[in-house]
Every structure is written in structure tokens, then in C-alpha cells.
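> One structure, pasted below without further comment.
The values are calculated or read from the model by the stated rules, or taken from the named source; none is laboratory data. Because the structure is a prediction, the values reported are computed rather than measured. All Cβ positions, glycine included, derive from the backbone under ideal geometry; neighbour counts span all protein chains shown. Please note that ligands, DNA and RNA were not included when accessible areas were found on the heavy atoms of the full protein model with its side chains. Shrake-Rupley method; radii C 1.70, N 1.55, O 1.52, S 1.80 Å.
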Amino acid sequence: MRKLPPIRRRRGGSFAALAAFFTVVIMFFGMGGATALSMPAPASAVSAGVQAADVNGKTFAIATDTTFAPFEFRDGSGELVGIDMDLIRAIAKDQGFEVDIKSLGFDAALQALQSNQVAGVIAGMSITDERKKIFDFSAPYFDSGVQMAVAKNDQDIKSYEGLTGKTVTAKRGSEGETFANSIKDQYGFKVKALADSATMYDDVKAGNSVAVFDDYPVLAYGVSQNNGLKIVTEKEQGSSYGFAVNKGANADLLTAFDAGLANLKANGEYDKILDKYLAKAESTEQGGFFELVKDSFPALMKGLWLTIVATVLSLAVALVLGVLFGFFKVSESKILRGVATTYVAIFRGTPLLVQAFFFYFGLPQMTGQPIDVLTAGVLTLSLNAGAYMTEIVRGGIQSVDPGQLEASRSLGLSYVTSMRRVVVPQAIKIMTPSFINQFVITLKDTSLLAVIGFAELTYQGQQIYASNFRTGETLLIVAALYFIVITALTQLSNVLDRKFNK
Amino acid sequence: MSATATDKSAKISVRGLKKSFGSNEVLKGLDVDVAEGEVVCVIGPSGSGKSTFLRCLNKLEDITAGTVTVNGFDLTDAKVDLNTVRQNIGMVFQHFNLFPHMSVIQNIMLAPVELKKLDKAGAREKAMELLRRVGLAEKADARPASLSGGQKQRVAIARALAMNPGIMLFDEATSALDPEMVGEVLQVIRDLAAEGMTMVVVTHEMGFAREVADRVIFMDAGYICEEGTPEAIFSNAQQPRLQEFLAKVL
Ligand SMILES: Nc1ncnc2c1ncn2[C@@H]1O[C@H](COP(=O)(O)OP(=O)(O)OP(=O)(O)O)[C@@H](O)[C@H]1O
Ligand SMILES: [Mg+2]
């Protein structure tokens, strides 16, 4: 079963409420039309070889997670691949419809489905009773379950019996953790919860934990990618994944999915897709460091590009905010000063990560308006950097001798003209080093957006070692890219500074 | 004493001027008229309110009570366009306050060009003429930082004259200068006086005040303590505070 951190669990409640609300709205205004009001079609009982004609030639927007290997993740070239992706595309082809995949993140995907912005969600989502109240599910397309793996060269631990007195690791909030906890007293071991799969595998390889409990597909995929582990137990009974549509909506699509899935299972394509991601690789040796650099280069460049885009957009907005609120701060109006002071206090007084989570997860929940990850990221960084810019602008203006403004005003020049011609040019000179500094800070801060799934450089690095398990080397490459870009841009800024601010 | 009636012929007319910073009353009710072409020197001990008084004349300080009328415009009237009034009042500061990011000539051209009084060429011509007048034509393209104190102050005077003001205010224009440079700046002010410029000059240079002033005002603790001709102030002081002050500075 896929991991459900608290933030996702809590969502269940508001989803139900929202769903009820939407249902009422749809009933009152008849917006959904006859399809929306019709009862959900029972999913199943579609014989192989059948094609559901109603979907033919149509295009459906399908939302998915940003990364949940091996179900959806980006390969070396940045393409979205995985079991879910291959499956939905194969089914679409089989059934004659088109899909428009939207990689939104798990929560955002469900939200987009709720608000009918997409037709369906395929995101390694477990079929649960709670979710069945809000969504209609296809027939299960994958049966998950927990397995245990140990380091490849570990000859001692072959079953749960060998764990006595040892520490194992499992993903926080996952089914693996629940299972490990349920048997830990019986076998006498301790459970250490970690945040993600790559970290857990590194923990086992480093010998801090002797074994890892993880979802079977995730674990099998890791092993297939030479993550240095081997699986030693059978799969424990677990949950099943399903494709979801909004309750009562898109019954045709659901029928087509089930029909297509049955066809793929019948013609062997389904097994091919699973094998592609889960079968043990033919023990290909890992390439050298430079091969890693070469292989990861396209994905990292995509990440670097997004890092730079986010930095530039954020700084541009931050500059506007900084100038605006900076002038508020030096204005005579108590109200404007108060507004600026409040703004700065809020964004300097809270962690950037909390702000990012708020704009990406919190705000959409409160407004019902989904927000894409670039917008959320730029919003976070620009509001945050804008607060620091405000202080830089205020400091710059205030460090200009007040006699300068007085001399200008005494000549009969207006406040605005005096600022523009006399104070600001001098303030810019004072502010430039701080601006360059803020520029570097914001560029580095973009890496924090990896946690909301923004596919910048750090995120791409994480994706790469999440699939090849070469954590150290990959991070070295990522760090080197940051270093090169930051050093180059700093040098450039300094040259420009010297040239224009003599 | 006509404390309330405004003297229509006066360029500057101050009535009941009070100024407080918070609870600290710095000016406690001043009445002053300055006639066209008159040179008024203001003397007094440190902290007596001389600078504050001067800065009220072009409203660099907000006026707490009373009126200040310049060229017939009441500065305390919110409807009066201060920028227009200020164009006719040049001010020279103790610390020059030249714009360091502009050349000497750009400092002088700024106001005429920004306020569209002259086009660029006209403003340049005017600025060069002013620079020749203060003896600094060869410094037109220099940066203020490369000038001596005396030269800076002469540029500041040229800048203040760029809008052809009818009134000039000087706030201890020579106090920040090395002694050997005081003379060159005083000479420029002296020339202006001789040309009939209306001026209010706050100064510590008693000899200069005595020489150029038509009238001397002695301020003490926020009041005008005594005023009169240079002769009356310097040779025939009435108030004990003035006598004390002169004993110290002369
Ligand atoms: N911006 C201000 N805020 C508060 N108090 C001020 C301010 N400007 C001046 N003062 C006070 O007002 C009083 C008069 O100051 P002012 O500068 O007018 O004196 P002055 O006669 O020019 O003295 P000096 O000969 O030292 O220049 C002083 O007590 C000073 O501390
Ligand atoms: Mg003073």
C-alpha cells in the first residue's frame, strides 16, 4: 500500500465533505448532466476483447503523482514512466482513447479529480473503503504487500527469526511500518521509521539497520536497479491498487479501463509491463562515475533549468515586492509601514518549508483551487525572498544620508523625483552586494521545493538515486552543478557591479 | 510691534512661528520679516534653534504653529504647492549635501532639467555660467568627491542658484570648512549680497555678519532675544544673554 502521511489522511475528511458539497451543487444546477447523475457503473464483469465504444477518439485528462517508483517516476531523460504510466497508455491504445497525463502530486491529483479538472487518477492508489465513498474504482490492477530485504552480502538473516535483538527500518506511516510493528514483539527486534525508500536502503547498506520492510513493488524495483539489497521473504497480504474516477462520473472511462486491463492481461502485455519494472535485472554491473554523469545529465539539466526558471521568476517578483514594501517601510504613513512590517515579520518569522507546504497543500485545501507546483514554488520563494528584499531596500534607502533627500527637496524636486534621481541610485549601490547575496540564497532555496515535488535540480538528483541507489555520487554531481552555476553567476554579478556601480 | 499683520512688501514674513520635536519646544513664537534685497544674519548659541528656524522657511521642517509666508504663499496652507515655492528659495547646507553619484555640472543641471525649466543645452549653459561665477568652471565634469571643502560648498551654492531663486538660505555654510577655505566661500556670499539677493544667513562668523548684514538677529533658547543693525548688535548689545554670547565668541 502506498504511504499515507498524516497530511494525506486528514485530507480524507475534507474530501468527503467537499464531495458531498459538489454532489449537492451538481444536483441543484444539473451541471454534470445525465452522466453525472447516473449511478456509478459497477466495475468488473467485462469480458476480454471487448472495446467500450463510448470513449473512442476522446481525450481524457489523467492525474498522477510526481514520483512513486516504479509506478510513476521520471527516467534519465526526464520522461514520465512507470507501471501506471505504461498501463494507462496501453489501455488507452487498446480502447482507442487518448490520455493527457498530468503529473500533479498525489494530493493535488485527488483534488483535481474531486473538482472534475481531470477525468481519472492513476497513482498507485490503494482501494480503501473510505476512498470508495468519494471515488469509483476500477478492478484492482495491482496487488501490493510487504516484503523484507537485507543487504546483498548478508548470509545470516533469511527470515524474521534472524532479527532477534536487531534493528530494522520501514517507511514512516506505511503499511510496511504497520506490519513490522505488528511482529516486532514476537521476533524481538526494533523498528526505525525513515522517510523514503532510498534512505532506508542506504541505512541497511550502511549496517545501521539489518533489514527493511517495504512495499513489494517498490522493493522489487529497487533490487532490479541493483540497489544492493536482496529480498528474503514472501509477500505479506496487502492492499490492491485501482484506477479512480469521481463518484458517479465518467462511468464509460471506468468501463473502458476494466475492459482494456482484461485485454492486456489476456494478451500478456500486462505481465510484460510488470516485468519491465519488477523483474530482477540480468545482473548488469553499474557503470562508472562518468557513465553516471552522462546518463543523469539530461535529467539534471532539466532540473537545473527549472531551478534557474524558479530562481529568476521568484527574484523578479521578490524585487517588485521588496521595492514596494521597502518604500512602504520608509514612508511617512503608519499604515503602510505597518503593512510592510507585518509582511516581513510573517515571512521571516516562519520556515520556508512550512510556507512551501502551506502554499502547495494548505491553500488549495482552503480555497478549493488547485495550484500547480511551479506556481506554488515561485509564490513561496518570491514572498520569502521579497521579505528579505524589503529589508535590503529599506536598509539601502535609510543608509543614504537624509541630507541628500533634503537637498533635493530644497531645490523644489518632488519626493518621487528626489527618490528616483538622488536617493535610489545611491541606495542601489549600497544594496548591490546584498542583492547578489539574496540571489544566491534564493537559488539554493529552490532545492527545498523538492519536498513538494517541484522537479528542480535537487529533486531530479533524488529521482536518480531513488532509481539507481547511487546516492553519494549523484549528490556530488548535483552539488557540483549548484557550485558551478552559483560561482559563475556571482562572478558575473560582481563584474556588473563593478562596471555600473563605480 | 505688528505681531499679527503680515507685511505685504516682505519677501518672507514669519508670524508666531512655533516648532516642537515631540514635547521639546524648540521655537517658541518667532516674528520676522525680511524685505526684498535684505541680508539678515542669524546668530546665537548652539541649540538655540537657528537651523530649525531656517528649515521652517522652506518647510523642510513641519511647522507646529504660526505662519510662514514666502513670496506671498503661506507655507502652512495645505493647498500651496511647496515644490513651486521651494524653486524660488535656494538653500545651502553646512555639509554641502552634493549628490555624489553625479558630476559637478549634473548636480547643478538636475533641478532645471527635471522641472523642465530649461532644456539640457540651456541648463548646461546656465550651469557653466554659475560655475564661472563661483570660479570652478574647470571642475564641471569632476565628481564631488574629488573637490576640496571650499570647492564643494561653492558648487552647492551654484546648484542652489540654478533655478534663479529670489531668496537664498545659508545654514553655517562655512562651519565644516578648513580655515583657509572659509574666505573663498564667504566671498561668493558677499558677491550675492552685493547683487541684491534676499538672504537669511545663519553663521558663526561674527566679522562676516557685521560686514554683510543689513540686520542681525540674535536667537536664544527658541526666542528672538535681540535684533538690530550690526552696529547695534555688536557694539551696543542690550540683553545680558547677547552680551554674554558676544563675550564668548568675539
Ligand atoms: N529632527 C530633530 N528631532 C529632535 N530634536 C531636534 C531635531 N532637530 C533639532 N532638534 C533640537 O532642536 C534644538 C535646536 O536645534 P537647532 O539645530 O535648530 O539648533 P542650532 O541653533 O542650529 O544649533 P547649532 O548652532 O549647533 O547648529 C536642539 O535642542 C536640537 O536637539
Ligand atoms: Mg544649526
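> Any residue in the stretch B:157-164 that is buried (at least 17 other Cβ atoms within 10 Å of the Cβ) and within 16 Å of ligand 2 (Cβ to nearest atom)?
No, the stretch B:157-164 contains no residue that is buried (at least 17 other Cβ atoms within 10 Å of the Cβ) and within 16 Å of ligand 2 (Cβ to nearest atom).
> Within the stretch B:194-211, track down each residue that is touching a strand residue (DSSP E or B) at 6+ places or on another chain (Cβ under 6 Å) and surrounded by fewer than 21 Cβ atoms within 10 Å (Cβ to Cβ).
The answer is B:197, and nothing else.
> When only residues in the stretch B:40-57 that are of a type in the set (A, V, I, L, M) and within 11 Å of residue B:202 (Cα to Cα) count, which is farthest from ligand 2 (Cβ to nearest atom)?
Filtering first and then ranking leaves B:40.
> Would you check which residues across the stretch B:165-186 are within 16 Å of ligand 2 (Cβ to nearest atom) and open to solvent by 40 Å² or more (accessible area, probe 1.4 Å) and list them?
Passing the criteria: B:175, B:176.
> If only one of B:141, B:214 is more than 15 Å from ligand 1 (Cβ to nearest atom), open to solvent by 20 Å² or more (accessible area, probe 1.4 Å) and over 26 Å from residue B:113 (Cβ atoms), which one is it?
Among B:141, B:214, only B:214 is more than 15 Å from ligand 1 (Cβ to nearest atom), open to solvent by 20 Å² or more (accessible area, probe 1.4 Å) and over 26 Å from residue B:113 (Cβ atoms).
> Here is a follow-up. Of the residues B:40, B:34, which single one is within 16 Å of ligand 1 (Cβ to nearest atom), in a strand (DSSP E or B) and either closer than 25 Å to residue B:193 by Cα or touching a residue at least 24 places away in the same chain (Cβ under 8 Å) (or both)?
None of the others qualify; the one that does is B:40.
> In the stretch A:164-266, which strands (runs of 3 or more DSSP E) lie fully inside it and hold 1 or more residues that are within 22 Å of the chain's Cα centre (by Cα) and free of Cβ contacts under 8 Å to residues at least 60 places away in the same chain?
Counting at least 1 such residues, we get A:167-171, A:190-194.
> Tally the residues that are open to solvent by less than 30 Å² (accessible area, probe 1.4 Å) and either in contact (Cβ under 8 Å) with a residue 60 or more places away in the chain or on the phi > 0 side of the Ramachandran plot (or both), restricting the search to the stretch A:338-358.
Residues flagged as open to solvent by less than 30 Å² (accessible area, probe 1.4 Å) and either in contact (Cβ under 8 Å) with a residue 60 or more places away in the chain or on the phi > 0 side of the Ramachandran plot (or both) within the stretch A:338-358 amount to 2.
Yes or no, residue by residue, for (1) modelled with pLDDT under 90; (2) part of a helix (DSSP H, G or I); (3) buried (at least 16 other Cβ atoms within 10 Å of the Cβ):
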{"position": "A:440", "(1), (2), (3)": "no, yes, yes"}
{"position": "A:444", "(1), (2), (3)": "no, yes, no"}
{"position": "A:447", "(1), (2), (3)": "no, yes, yes"}
{"position": "A:455", "(1), (2), (3)": "yes, no, yes"}
{"position": "A:477", "(1), (2), (3)": "no, yes, yes"}
{"position": "A:481", "(1), (2), (3)": "no, yes, yes"}
{"position": "A:484", "(1), (2), (3)": "no, yes, no"}
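> Collect the residues in the stretch A:395-424 that are surrounded by 22 or more Cβ atoms within 10 Å (Cβ to Cβ), in contact with an Asp or Glu (Cβ under 7 Å, 6 or more places away or on another chain) and not in a loop (DSSP other than H, G, I, E, B), keeping them in residue-number order.
Correct list: empty.
> Given (1) away from ligand 2 (no atom under 16 Å from the Cβ); (2) closer than 19 Å to residue A:411 by Cβ; (3) not in a strand (DSSP E or B), identify the lone condition not met by residue B:76.
(2) is the only condition that residue B:76 fails.
> Also: Among the residues of the stretch B:54-61, is any open to solvent by less than 20 Å² (accessible area, probe 1.4 Å) and either more than 14 Å from every other protein chain (Cβ to nearest Cβ) or away from ligand 1 (no atom under 16 Å from the Cβ) (or both)?
Checked the stretch B:54-61: no residue is open to solvent by less than 20 Å² (accessible area, probe 1.4 Å) and either more than 14 Å from every other protein chain (Cβ to nearest Cβ) or away from ligand 1 (no atom under 16 Å from the Cβ) (or both).
> Quick check: anything in the stretch B:75-97 within 22 Å of residue B:176 (Cα to Cα), at the interface with another protein chain (Cβ under 8 Å from one of its Cβ atoms) and surrounded by fewer than 18 Cβ atoms within 10 Å (Cβ to Cβ)?
yes
> Taking residue A:368 as the residue in question, decide whether it is among the small types (Gly, Ala, Ser), more than 34 Å from the chain's Cα centre (by Cα) and more than 14 Å from every other protein chain (Cβ to nearest Cβ).
No; evaluated as a whole, the condition is false for this residue.
> Right, next: Does residue B:193 fit the bill of being within 14 Å of chain A (Cβ to nearest Cβ), more than 16 Å from ligand 1 (Cβ to nearest atom) and in contact (Cβ under 8 Å) with a residue 40 or more places away in the chain?
no
> Give the residue, chosen from B:11, B:18, that is more than 16 Å from ligand 2 (Cβ to nearest atom), over 20 Å from residue A:409 (Cβ atoms), modelled with pLDDT of 95 or more and not in a loop (DSSP other than H, G, I, E, B).
B:18
> Separate question: Please go through the stretch B:221-250 and pick out each residue that is in a helix (DSSP H, G or I), under 23 Å from residue B:14 (Cβ atoms) and more than 16 Å from ligand 2 (Cβ to nearest atom).
B:230, B:232, B:233, B:241, B:242 - these are the residues of the stretch B:221-250 that are in a helix (DSSP H, G or I), under 23 Å from residue B:14 (Cβ atoms) and more than 16 Å from ligand 2 (Cβ to nearest atom).
> On to the next question. Can you spot a residue in the stretch A:426-434 that is in a helix (DSSP H, G or I), more than 14 Å from every other protein chain (Cβ to nearest Cβ) and under 30 Å from residue A:106 (Cβ atoms)?
No, the stretch A:426-434 has no match at all.
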